[in-house]
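The values are calculated or read from the model by the stated rules, or taken from the named source; none is laboratory data. This is a predicted model, so every value here is computed, not measured. Cβ placement follows ideal geometry from the backbone for every residue including glycine, while neighbour counts extend to all protein chains displayed. Accessible surface is based on the protein model in full, side chains and every heavy atom, while ligands, DNA and RNA are left aside. Shrake-Rupley method; radii C 1.70, N 1.55, O 1.52, S 1.80 Å.
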Amino acid sequence: HLYVPMSLCPHHHVLMSLSPPHVFLSPHYPRCPYIPQFGRTEVIDNSLNPDFLHKFVLDYCFEERQNLRFDLLPLPVPCPYVPSAPRYDVDSKTPDLSKHDFLGQAFCTLGEIVGSAGSRLEKPLIGIPGKKCGTIILLAEELGNCRDVATLQFCANKLDKKDFFGKSDPFMVFYRSNEDGTFTICHKTEVVRNTLNPVWAAFAIPVRALCNGDHDRAIKVEVYDWDRDGSHDFIGEFTTSYRELAQGQSHLNVYEVVNPRKKMKKKKYLNSGTVTLLSFAVEAEHTFLDYIRGGTQLNFTVAIDFTASNGNPSQPTSLHYLSPFQLNAYSLALRAVGDIIQDYDSDKMFPALGFGAKVPPDGHVSHEFPLNGDASNPACRGIAGVLEAYQRSLRRVQLYGPTNFAPVVNHVARSAAAVLDGSQYFVLLIITDGVISDMAQTKEAIVNAAKLPMSIIIVGVGQAEFDAMVELDGDDIRISSRGKVAERDIVQFVPFRDYMSGGPGAGLSMAGLAREVLAEIPDQLLSYMKARGIKPPPIPPMSPETPPP
């Protein structure tokens, strides 16, 4: 059985298959008698290589670390703590979990599964000392039946005249039917003024909004004559379905507009005009997961502020102070973002740069120096490697200034400019404490980078004013330089202090920080791909399954 307990925020839906017997999933990993269940598979008898048919629909959030735990159990029996929950071993009578037999367990994040080649992840089962427990194979795919977008255009002919001094100002309102027989509005066309034969503009609508993925569900369309005071006059209505509309322009998609009241009162009443479908097209709306599953890699680069305004690193008041008891603000921000991003980078090698310090051997000021000391290859292994290189750099460089962003932005932009085919997308995390010194150059660098497969995250630490960072963010006014406006909004700024309460290090919500700074990455990636007409790569073929040990 597979048990999948976890708390998730809604975003995109993921259909997850789980291969090999009995499992728990939780947002945390406590050894407790009962973990809330997300779901479980069917039982497969007499097999050491079960292939489960049951699938689980989970909500996927790129910007969250969604921890999963899989416990493989022999058979479900009542739990002594919660009657509806399973116990580990049918033969043991003790409530102590440590004395129950089980077949193994595995831990991962949903991002690890999604970010693996073909969204297929193999994990060794662990939990029994000195014994090989086998392998669990996890597959993920995005539910695709609700991602289609339909584009439709209609015209009408000989609609009823409703205005005393003119003709009519018709518009249409579309409703999808609900399970309980009620209707929910899903689209309203524009008003076409003073005509009984309107041609409405084509409009696009998600298929999910139009029929909730049920192609045979009734769609009701009402036609009105617009009035300035809002008391629009009802002309008539008709019903159709997505399946009928999908047949495109034909005699089957010419609808009589009927006013039920008129039909009841007038024996010779036929209709109040007709509405004709002029065109119908549907295409899949590509999603972030389409590109990730197709092999697009997220390349993560870190740039850390080493200016003197951070304070002497040897003093506890410094933002760079390396306490033996807790991580400083720079390290916390790096961990919060990096722990999520790393699931989407196959080699787990992350370039790490510093700026604003005097560096050995000659003590010159650099705004683009490698934290690992290797200018030819500034990449560090994993987030732990970046943290280690950062701590070593604090001991060998002299904090100085000024605070220049343009060099590190251009550094990553050069890498992004070399890979424009959609196979890689670059994310630069800048962690800084102060007011930017090269605003004009940075704005120019960002405007140029907006053309590239690249996003920039800025986390501001300390208590400085970050007005310039808000300007770079461009949520309200798109950033520009020398009369050129950035093609895309690629910058997200978040002040670190918004995720702390009390004194330094107290009450930090690392999950909240990660959510805020990473929430825009999927849409920014999609905006680049769409602007360049890049389709998701085909899903790479799966490697042959590893035979069980």
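Skip the ligands, DNA and RNA, and give the accessible area per residue of the range 148-284 with a 1.4 Å probe, whole Å².
On the way: 7660 Å² over 137 residues.
Accessible area per residue, the range 148-284: 56 Å².
Using protein chains only and a probe of 1.4 angstrom, how many square angstrom of residue 499 are accessible, to the nearest 10?
Using a 1.4 Å probe on the heavy atoms, I get roughly 40 Å².
Could you list, bin by bin from short to long, the percent of Cα-Cα pairs of the range 369-481 in 10 Å steps?
Cα pair-distance distribution for the range 369-481, in percent: 12, 40, 37, 11, 0.
Taking a cut-off of 27 Å between Cα atoms, list the lysines near residue 443, but don't count ones fewer than 8 places away on the same chain.
Output for residue 443: 358, 451, 484, 530.
So who's got an amide H within less than 5 Å of the one on residue 405, skipping anything under 5 residues away but keeping other chains? H placed 1.01 Å off N, in plane.
For residue 405, whose amide H was placed from the backbone, the distant partners under 5 Å are 437, 438.
Within the range 109-185, list the chymotrypsin sites (Phe, Trp or Tyr not before Pro) lying in a DSSP loop whose Cβ has at most 11 other Cβ atoms in a 10 Å radius. Mind showing how you got there, number by number?
On the way: sites: 154, 164, 165, 171, 174, 175, 183; in loops: 164, 165.
The qualifying sites are 164, 165.
Calculate what fraction, in whole %, of the accessible area of the range 324-435 sits on carbon and sulfur atoms when a 1.4 Å probe is rolled over the protein chains. List each step's numbers first, then the result.
Values: 2300 of 4400 Å².
Result for the range 324-435: 52 percent of the exposed heavy-atom area is carbon or sulfur.
Treating cross-link reach as a plain straight distance, find the lysines whose alpha-carbon is under 25 Å from the alpha-carbon of residue 220, omitting any fewer than eight places away in the same chain.
Answer for residue 220, where 25 Å is the Cα cut-off: 158, 161, 162, 167, 188, 262, 263, 265, 266, 267, 268, listed by chain and number.
So for each of 417-424, 377-384 I average, over its residues, the number of other beta carbons within 10 Å; can you give me the resulting order with the highest mean first?
Listed from highest to lowest mean packing, they are 377-384, 417-424.
Given H placed 1.01 Å from N in the peptide plane, which residues other than close sequence neighbours of residue 282 have an amide H under 5 Å from its amide H?
Distant-sequence amide H within range of residue 282: 151.
Calculate what fraction, in whole %, of the accessible area of the range 148-284 sits on carbon and sulfur atoms when a 1.4 Å probe is rolled over the protein chains. Don't skip to the end; give the middle numbers.
Numbers: 3890 of 7660 Å².
Taking all protein chains in place, the range 148-284 shows 51 percent carbon and sulfur surface.
List, largest first, the extents of the alpha carbons of the range 148-284 along their principal axes, each in whole Å.
45, 32, 29
Want the number for residue 182 to residue 155: 0.36 nm per residue separation, take away the alpha-carbon distance, what's left?
Working: separation 27, 0.36 × 27 = 9.72 nm, distance 2.65 nm.
Taking 0.36 nm per residue and subtracting the Cα distance, the gain is 7.1 nm.
Send over the Kirkwood Rh of the range 249-349, from the inverse of the averaged 1/r over different Cα pairs, rounded to one decimal Å.
Working: mean 1/r = 0.0480 Å⁻¹.
After inverting the pairwise mean of 1/r, the radius is 20.8 Å.
Measuring from centroid to centroid over Cα atoms, what is the spacing of the range 359-404 and the range 217-257 in Å?
65 Å
Which peptide among 267-280, 400-413 comes first, and what is the full order, when sorted by highest mean count of other Cβ atoms within 10 Å? Let's see the in-between values first.
Values: 267-280: 15.5, 400-413: 21.4.
Result, highest mean Cβ count within 10 Å first: 400-413, 267-280.
Can you pull the one-decimal nm distance between simple spin-label points at residue 48 and residue 264, each 7 Å off the Cα toward Cβ?
7.4 nm
May I ask you to evaluate 6.51 cos²θ - 1.76 cosθ + 1.60, the Karplus curve with θ = phi - 60°, for each residue of the range 192-200 and list the ³J(HN,Hα) values in order in whole Hz, giving x for glycine and proline?
For the range 192-200, the Karplus curve yields 9, 7, 6, 7, 9, 10, x, 10, 7 Hz.
Quick query: amide H of residue 134 versus all other amide H atoms, modeled in the peptide plane; which residues come in under 5 Å with a sequence gap of 5 or more or a different chain?
125
Using θ = phi - 60° and the Karplus curve 6.51 cos²θ - 1.76 cosθ + 1.60, what whole-Hz ³J(HN,Hα) does each residue of the range 120-137 get, with Gly and Pro shown as x?
10, 10, 10, 10, x, 7, 10, x, 10, x, x, 10, 7, 9, x, 10, 10, 10
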